[in-house]
1. Once the Cα atoms of helix 185-197 and of the chain are each reduced to a long axis, what angle between those two axes, in degrees from 0 to 90 to the nearest 10, is obtained?
2. Please compute the volume of the convex hull spanned by the alpha-carbon atoms of region 4-164 and report it per residue in Å³.
3. Percent antiparallel among DSSP beta bridges with both residues in the chain, to the nearest 5?
4. So, in Å, what gap is there between the alpha-carbon centers of region 439-465 and region 380-408?
5. Work out, step by step, the length gained on full extension between residue 131 and residue 26: first 0.36 nm times the residue separation, then minus their alpha carbon distance; give nm to one decimal.
6. State the extension gain, in nm to one decimal, for the chain segment bounded by residue 171 and residue 46, taking 0.36 nm per residue of separation less the distance between their alpha-carbons.
7. Counting other C-beta atoms within 10 Å, which of 456, 167 has the fewest, and how do the rest follow?
8. Test of understanding: ordering 100, 120, 284 by Cβ neighbours within 10 Å, fewest first, what list do you get?
């Protein structure tokens, strides 16, 4: 007779789950035994937070929920940051945690924390499973909720006695596709009229526009309408190929060169903008461009974002319908396209800077040089994220992964590990600051054990560089941001990985190339010169003079 844990594993297999990431505890032992005899691989991590980051990244890259496992109390609480990462970043995932028996209390309240209540603000749904017979329907509902727009994490708590309970076999519930509602014809017609009436329309692609299923539709929309576009940080890479219409990425909220195009536009078509991101531009209460919001859900009205018109429904279907209505009816704004060239030229300034320690611009340039078009770069969170968002050009969708929602440190290495598992034939690189890397550096052992091919670049300035920069911008004294680091080369070798160090600027690209050629897990320690943060992102942008006036 099957146990509750057997039903759970069968339900997960029914959903197509191939891997579960996590750190089991004694409350998971029945589930662990059920997994042992299943076709699902258990990827044992060294910390629950990393398991959650990996599961979230699986959801982000595939559109199907990743699954992670932890025990009760301390293990479950270690999921909190990963749950928030997926919740704010709209990444579908399932978190499964154990719990003491609910029908008895032989250990009193030892290790017991109300995890269901703790997870409530961090997930789309959280539920304790109280009946083994209900497991198939509960799992099916959890996966449905996780992938529905807006996607996100769902938490299931499986008590020890429910997992161990013998129960009559209960059939799994078949998975069926759920189609998104389609925007109304009236909304599409209204949007078309506004776009045709605009003199300088500009497209913005946001986080919700960067879904795996939208790549073809958005790429086709750009090609057919010939509208110039920019993207938010998390919208970066949503469009494939070189259209010669990309204007830039809004890595800052205002004052950057890409904002010259925004200031020139009289209409912005915001596709999939999610205000959970740091604002890509600031709307004024009066004046400025009109805004059309194209989204799965109606816009969240904010002080800095309040659209004039909304097209609500499946984004792919909406942009296809708009392209059908607009194709061959729009006249390109030559001044906007000229401005595009100037914006991109300014962003690429000093990309071949020969200084050592190495500048951010040169690091981005050399990373782009060694990464093929389908190579995946996964960023942790730090000052370099702004530089990669501004300067790194993507040609294939989902090849630059960054977090501009929770913007947590520590996710770069686990997310790259997940990308390497999903794309074993492609080059995958994690780019981490020394601070963020050390928050989950123990997962180097997991990467080695999983025999991944992965290059980990550590940008070494012995400080929490982004906050140090903000401290300087606010004219506070330099205080409380510096730390010491291990010898990263020897640190990598201690885990069974390989290690290298860039000792001259001209060594960086060859070192990265050799790391990929050698295979396996390879860490590269790169000293970075962050003085460019102030020179470019403060002084230069503060003194910029727009080339094109808004007429």
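Values quoted throughout were computed directly from the atomic coordinates according to the rules given, and no laboratory measurement underlies them. All values reported here derive from a predicted model rather than from experimental measurement. FYI the Cβ positions are ideal-geometry reconstructions off the backbone, even for glycines, and counts take in every protein chain you see.
1. Helix 185-197 and the main axis of the chain meet at about 30 degrees.
2. Values: hull volume 14.4 nm³, N = 161.
Enclosed volume per residue, from the Cα hull, is 89 Å³.
3. Numbers: 3 of 70 bridges.
The antiparallel fraction comes to roughly 5 percent.
4. Taking the Cα centre of region 380-408 as reference, the centre of region 439-465 is 17 Å away.
5. Between residue 131 and residue 26, full extension yields 35.8 nm more.
6. On the way: separation 125, 0.36 × 125 = 45.00 nm, distance 3.45 nm.
Full extension from residue 171 to residue 46 adds 41.5 nm.
7. Working: 456 29, 167 17.
Exposure proxy ranking, most exposed first: 167, 456.
8. Details: 100 20, 120 12, 284 8.
Ranking 100, 120, 284 by Cβ neighbours within 10 Å, fewest first, gives 284, 120, 100.
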